[in-house]
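Below is one structure, written out as structure tokens; comments come after it.
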Amino acid sequence: MSLRDRILASNDIESSTLHVPQWDLDIELRTLSAADRAKLISSCMTPEGTVNVEKMYPSLIIACVYDPETKGRVFSEEDMDAIADKSASAIEFVAQKAMEMSGMKPDAIDVEGKGN
């Protein structure tokens, strides 16, 4: 098997169980594929070139949070507003871990919400 074939055949989407203290629940977090990460970032950019954090965090939660028992996604696009209404500390905790797992640098969004 060629190196190309071995790379393409590898299962490199990682998952981990994360305990969210604010919810007193365990969730499964999965890394984003490169395509999913690019789509997520593109969908959260404003026309001015800044990151819409209000959309980014719920989008990360929808894309990365899975049920550890059923292995299915927990949330859908219809849950964006409901996720945004959850505890900021809980959403921040989960979103930061999802970004870390997906190779997104936490400092890629500056305090003004602009991409670096």
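The values are calculated or read from the model by the stated rules, or taken from the named source; none is laboratory data. In this text the structure is predicted, and so the values were computed from the model without any measurement. A quick note on method: Cβ atoms are made from the backbone with ideal geometry, for glycine too, and the neighbour counts reach across all protein chains shown.
When you go through (1) within 17 Å of Tyr66 (Cα to Cα); (2) at pLDDT 95 or above one by one for Arg37, which number turns out not to apply?
(2) is the only condition that Arg37 fails.
Just give me the residues in the stretch 35-84 being within 20 Å of Ser15 (Cβ to Cβ), part of a helix (DSSP H, G or I) and among the polar types (S, T, N, Q), in sequence order.
Ser59
When Cys64 is evaluated against the numbered criteria (1) loosely packed, with under 11 Cβ neighbours inside 10 Å; (2) closer than 19 Å to Met99 by Cα; (3) among the hydrophobic types (A, V, I, L, M, F, W, C), which criterion, by number, is the only one it fails?
The single condition Cys64 does not satisfy is (1).
Filter the stretch 26-43 down to residues that are surrounded by 12 or more Cβ atoms within 10 Å (Cβ to Cβ), over 12 Å from the mean Cα position of the chain (by Cα) and not charged (D, E, K, R), then give me how many there are.
Going through the stretch 26-43 one residue at a time, the tally reaches 1.
Residues of the stretch 51-85 being under 17 Å from Trp23 (Cα atoms) and in contact (Cβ under 8 Å) with a residue 60 or more places away in the chain, which ones?
Correct list: empty.
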